[in-house]
Amino acid sequence: MALKASPNDQAHLLELQALDTRIQQLDHRAKKLPQLAVIAGLESESTALRVETLSATGALEDAQRELGRIESDVSVVEARIKRDTERLQASSSVKDVAGLESELAGLTRRQLELEEIELGVMERVDALEAAMRELRARHDALQATIAGVVAEKEESLGTLTSERTHAAANRSTIAGKVPEELLALYERQRARYGQGASLLRGGVSEASGLKLNEFDMAAIRAAAPDDVLICPESSAILVRTGESGL
């Protein structure tokens, strides 16, 4: 037996469809918030910055270790110079004095070489430390930017969530006014075809946007007002009103 429902009950389906469309739109907007793309880009930038920071940290640590080794070598040479100088001052042997003076000359040259190398490494360490400070500043600024965009996203999402909750509550109220069988058919058609109900306006099914042919319109005109009809174009429940052009 064909499903029957009063025109008023069928009209409720249009309200239900409008609310379902609104809820779908809100869900789509929540998934496509512009802040989401911005956050994804900033997170990618943050990842690249972390990689750059790790590389810079490694270079700085290597330079600091190299500086430590050179400083240790300098300390060893300085200690030997001090020892040989003391031995030279205490020695009375011409041969020992000559040997110590030669060794001191070599140690002095080595000290100068090491100090020159040390200065170069110290300059490299200073440059790497400055680069690290810049990277940390960039990181802090980027995190602040991300936090700001996340806050904007949460605010927008909160507004959409509030609107969706309101629309869902209204939908529940309208659905409670629709007979069970009619509601089940509406839900089934909406799940299958995307639209559960379609207004027939001036011979055009709004769900499909197509004008129905004369054969279909004749069948619709012949149907009783409480007959539940299916749109031949959209497969949604076709709701007739005074605007339908029958």
(message) Under a crude label model (7 Å from the Cα following the beta-carbon direction), how far is ALA137 from ALA219 in nanometres?
(response) 7.5
(message) Can you tell me the orientation of helix 34-90 relative to the chain, as the angle in degrees between its alpha-carbon axis and the longest Cα principal axis, to the nearest 10?
(response) 10
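Using the beta-carbon distance between GLU154 and THR57 and R0 = 41 Å, what value does 1/(1 + (r/R0)^6) give for FRET efficiency, to the nearest 0.05? Don't skip to the end; give the middle numbers.
Details: r = 33 Å, r/R0 = 0.80.
Between GLU154 and THR57 the formula returns 0.80.
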(request) Sticking with the crude label model, points 7 Å out along Cα→Cβ, report the distance from SER102 to GLU187 in nm, one decimal please. (result) 10.5
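Can you send over the carbon and sulfur percentage of the accessible area for the range 10-66, probe radius 1.4 Å, protein chains only?
59
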(message) Using a probe radius of 1.4 Å on heavy atoms only, what accessible surface per residue do you get for the range 154-193? Whole Å² is fine.
(response) 65
(request) Collect residues whose amide H, placed 1.01 Å from N in the peptide plane, falls under 5 Å from the amide H of LEU210; neighbours closer than 5 in sequence don't count. (result) SER205
(request) Among SER91, LEU13, ALA127, flag the residue with its Cα farthest along the positive direction of the charge dipole of the range 1-142, charges on Cβ as +1 for Lys/Arg and -1 for Asp/Glu. (result) LEU13
(request) Note down the magnitude of the dipole of the chain about its Cα centre, charges +1 on Lys and Arg C-beta and -1 on Asp and Glu C-beta and zero elsewhere, to the nearest 20 debye. (result) 1120
(request) With 10 Å bins from zero, work out the P(r) of the range 93-142 over every alpha carbon pair and list the percent per bin. (result) 23, 22, 18, 15, 11, 7, 3, 0
(message) Just to check I understand the Karplus step: with θ = phi - 60° and J = 6.51 cos²θ - 1.76 cosθ + 1.60, what whole-Hz values come out for the range 185-194, glycine and proline as x?
(response) 5, 4, 4, 5, 5, 5, 5, 7, 10, x
(request) At 1.4 Å probe size, with every protein chain present, just tell me what the per residue accessible area of the range 8-79 comes to in Å². (result) 57
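Restricting the count to DSSP beta bridges whose residues both fall in the chain, what percent are antiparallel, rounded to a multiple of 5? Display every interim value, and only then the final one.
Numbers: 7 of 11 bridges.
So the antiparallel bridges amount to about 65 percent of the total.
How high is the relative contact order of the range 77-190, in percent, with contacts defined as C-alpha pairs under 8 Å that are six or more residues apart? If you can, show how the numbers build up before the last one.
On the way: 20 pairs, mean separation 19.6, N = 114.
Once normalised by length, the contact order is 17 percent.
If you build the Cα gyration tensor of the range 10-130 and take the root of 5 times each eigenvalue, what three semi-axes come out, in whole angstrom, biggest first? Working shown, then result.
Details: eigenvalues 1227, 17, 8 Å².
Each semi-axis is the square root of five times an eigenvalue, giving 78, 9, 6 Å.
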(message) Given 10 °C and 1.306 mPa s, compute D for the chain with the Stokes-Einstein relation, Rh being the Kirkwood radius over Cα pairs; round to the nearest whole µm²/s.
(response) 61
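The values are calculated or read from the model by the stated rules, or taken from the named source; none is laboratory data. On a predicted model such as this, the values are computed, not experimentally measured, just so you know. Ideal geometry is used to build each Cβ from the backbone, glycine not excepted, and the neighbour counts take in all protein chains shown. Surface accessibility is based on the protein's heavy atoms, side chains included, excluding ligands, DNA and RNA. Shrake-Rupley method; radii C 1.70, N 1.55, O 1.52, S 1.80 Å.
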